[in-house]
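Here is the structure we will look at, set down as structure tokens.
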Amino acid sequence: MQLVVARIGRAHGIKGEVTVEVRTDEPELRLGPGAVLQTEPASAGPLTVETGRVHSGRLLLRFEGVKDRNAAEALRNTLLIADVDPSELPEEPDEFYDHQLIDLDVVLEDGTAVGRITEISHLPSQDLFIVEREDGSEVMIPFVEEIVAEIDLEEQRCVITPPPGLIDDRAVVASTRDEEDGA
């Protein structure tokens, strides 16, 4: 199975390093020195990670054969794709790989359908599920214990207990109006 694990950003310095937008929970495993990554577009790769380091909170990578700023800049916006064994699981039982969560049905505790997870955004403070609703709109669900009550991989569903307003803007508007009316 192939998974997008990062997107190359701008060049850093003059020796071929690039910034990387990480899209995996295990960058040390997927993006470590010696890792061979396929690319999208395919014409950019495969790329082999030569070195990696963190600078000012950003991951910087250098690839074999990419020796100057011009070559690094030519890779900008390239997706890095790793081959992952689909049976591979994280070490912790309450951790999941993105590929396990993509396409899960998202439901409320009472079974009401919310949508389907189409993407996971890895932010510094927390991860977000990008959930596509039946009408085509998207809602972002923080992947935190207080909201995500259960991940059931066998049933292919994610049960959530969202606070008012998270998935339905009308609840926020109604409560705001009630406060304004003095109710």
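The values are calculated or read from the model by the stated rules, or taken from the named source; none is laboratory data. Values in this document were obtained by computation on a predicted structure and should not be read as measured data. Reconstructed Cβ throughout: ideal geometry from the backbone, glycine too, with neighbour counts over all protein chains shown.
Residue count for region 77-106 satisfying the condition of being surrounded by fewer than 18 Cβ atoms within 10 Å (Cβ to Cβ), outside the structural domain of Gln38 (by TED's automatic domain parsing) and modelled with pLDDT of 90 or more: 2. Got at least one residue in region 40-47 being in contact with a strand residue (DSSP E or B) (Cβ under 8 Å, 6 or more places away or on another chain), under 24 Å from Leu123 (Cα atoms) and modelled with pLDDT of 90 or more? Checking region 40-47: not a single residue is in contact with a strand residue (DSSP E or B) (Cβ under 8 Å, 6 or more places away or on another chain), under 24 Å from Leu123 (Cα atoms) and modelled with pLDDT of 90 or more. Does region 46-58 contain any residue that is more than 27 Å from Ile167 (Cβ to Cβ), of a type in the set (D, E, K, R), assigned to a strand (DSSP E or B) and in contact with a Gly (Cβ under 6 Å, 6 or more places away or on another chain)? Among the residues of region 46-58, not one is more than 27 Å from Ile167 (Cβ to Cβ), of a type in the set (D, E, K, R), assigned to a strand (DSSP E or B) and in contact with a Gly (Cβ under 6 Å, 6 or more places away or on another chain), which makes the answer no.
Taking every residue in region 1-22 that is not assigned by TED's automatic domain parsing to the domain that holds Thr118 and of a type in the set (Lys, Arg) and pairing it with any residue that is at pLDDT 90 or above and in a loop (DSSP other than H, G, I, E, B), at least 6 positions away or on another chain, the pairs with Cβ-Cβ distances below 9 Å are Arg7/Asn77; Arg7/Thr78; Arg10/Arg76; Lys15/Lys67; Lys15/Asp68.
Table: residues versus (1) under 30 Å from Ser56 (Cα atoms); (2) assigned by TED's automatic domain parsing to the domain that holds Asp168; (3) aliphatic (A, V, I, L, M).
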{"position": "Gly111", "(1), (2), (3)": "no, yes, no"}
{"position": "Ile117", "(1), (2), (3)": "no, yes, yes"}
{"position": "Pro124", "(1), (2), (3)": "yes, yes, no"}
{"position": "Val131", "(1), (2), (3)": "no, yes, yes"}
{"position": "Glu134", "(1), (2), (3)": "no, yes, no"}
{"position": "Ser137", "(1), (2), (3)": "no, yes, no"}
{"position": "Ile141", "(1), (2), (3)": "yes, yes, yes"}
{"position": "Ile147", "(1), (2), (3)": "no, yes, yes"}
{"position": "Glu155", "(1), (2), (3)": "no, yes, no"}
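Residues that are free of Cβ contacts under 8 Å to residues at least 24 places away in the same chain and under 19 Å from the mean Cα position of the chain (by Cα) do not occur anywhere in region 61-79. Taking Arg69, is it in the same structural domain as Ile160 (by TED's automatic domain parsing), modelled with pLDDT of 90 or more and either buried (at least 16 other Cβ atoms within 10 Å of the Cβ) or within 30 Å of Arg157 (Cβ to Cβ) (or both)? The answer is no for Arg69.
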